Amino acid sequence: VTSDLVLFAADTPNSWKPAAVLEELGVKYDVILIDLFKDEQKAADYVKMNPNGRTPTLLDRSMEPPVPVFESGAICMYLCEKFNAEKPMARQLLPQGPRERSEIMGWLFWQCSGLGPMMGQIMYMRRIAAPVSLDASKIHFSIERFHREAVRLLGVLEARLMDRDYLCGDGDRGSYTLADIACHGYASSMWWAGIEEGAFLHVSRWLKSLDARPAIQASVLVPGISNFGSEGPTFHTLRMDRDLQQKIEQHATSAGREDLFGWKDLIEIFKPDAGATPFASHVPASATQ
């Protein structure tokens, strides 16, 4: 580690957000992988930086003592404010004018409190909980609840983007800002969430334009190591590779789980010696093997 800025990251959409800001700003940073299978996010040294025990975390070593920043939205804001005077892109991503700034902050907080958590919950229930549950019918209500809310929130994005290219910003079609970076990762995870992307044509158009940006392309490769080991797919590959998606779907179907594919299948295909599924506290350990 040689850079002043160090990003502690796991292979999840939350880590992509600060990585995208760093890439857009063009500042040097190092990445340290947090291995979820080893519960490294719960290690004592890490929790000192991030009391919530989640990823990502930024450590700014240019300050004395070094400044830890946790929560992805807070990290993005911190970076834009740190480089506001130095980097024009920081001022574009998060302007200082109250009208422009408040609009972007509204969408950033909406993502952090709504889109991200609800997409995360439906992905958890469908892709982690259901495949290892002894009786998936017991969590059917939860799946339906989070599915409906995730679809509603994607509908909010769809309506916003109906006559815009970006969520906020100047001009009739808007301009690229931190709001777009914040919402990109989870909005682009519809297959994993079990949501039909064809119902959100404006969101799909917007995602395609964001995915064409070099900074976004670089950010989705952070930390560059799959949760399922060196042979496993990154989450970016998982959301984009239709052949891989079909392989996972078929693996679940052959096990009698039809559309309830998920981490269990990825473990069995790519990391069979992993043991218990991370985050599976809702079921007996024996059911996660």
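Collect the residues in region 252-289 that are under 12 Å from residue 131 (Cβ atoms), among the acidic types (Asp, Glu) and at pLDDT below 90, keeping them in residue-number order. Scanning region 252-289 gives 258, 259. Regarding residue 150, is this residue assigned to a helix (DSSP H, G or I), among the small types (Gly, Ala, Ser) and open to solvent by less than 30 Å² (accessible area, probe 1.4 Å)? Answer is yes for this residue.
In region 66-95, the residues that are modelled with pLDDT under 95 never reach a residue that is surrounded by fewer than 21 Cβ atoms within 10 Å (Cβ to Cβ) and among the small types (Gly, Ala, Ser) with C-beta atoms less than 7 angstrom apart, at least six apart or across chains. Listed by first and then second residue, the pairs linking a residue in region 246-265 that is under 11 Å from residue 126 (Cα atoms) to a residue that is at pLDDT 90 or above and assigned to a loop (DSSP other than H, G, I, E, B), with Cβ atoms under 8 Å apart and 6 or more places separating them unless they lie on different chains, are 259/194. Got at least one residue in region 116-125 being touching a Leu at 6+ places or on another chain (Cβ under 8 Å), surrounded by 17 or more Cβ atoms within 10 Å (Cβ to Cβ) and modelled with pLDDT of 95 or more? Yes, the conditions are met somewhere in region 116-125.
Pairs meeting the criteria (first residue in region 8-30 and closer than 16 Å to residue 77 by Cα, second residue charged (D, E, K, R) and not in a helix (DSSP H, G or I), beta carbons under 6 Å, at least 6 apart or on different chains) are 25/87.
The values are calculated or read from the model by the stated rules, or taken from the named source; none is laboratory data. Everything numeric in this text was worked out from a predicted model, so none of it was measured. Here the Cβ is made from the backbone with ideal geometry for all residues, glycine too, and neighbour counts use every protein chain on show. Just the protein is used for accessible areas: all its heavy atoms, side chains included, with ligands, DNA and RNA removed. Shrake-Rupley method; radii C 1.70, N 1.55, O 1.52, S 1.80 Å.
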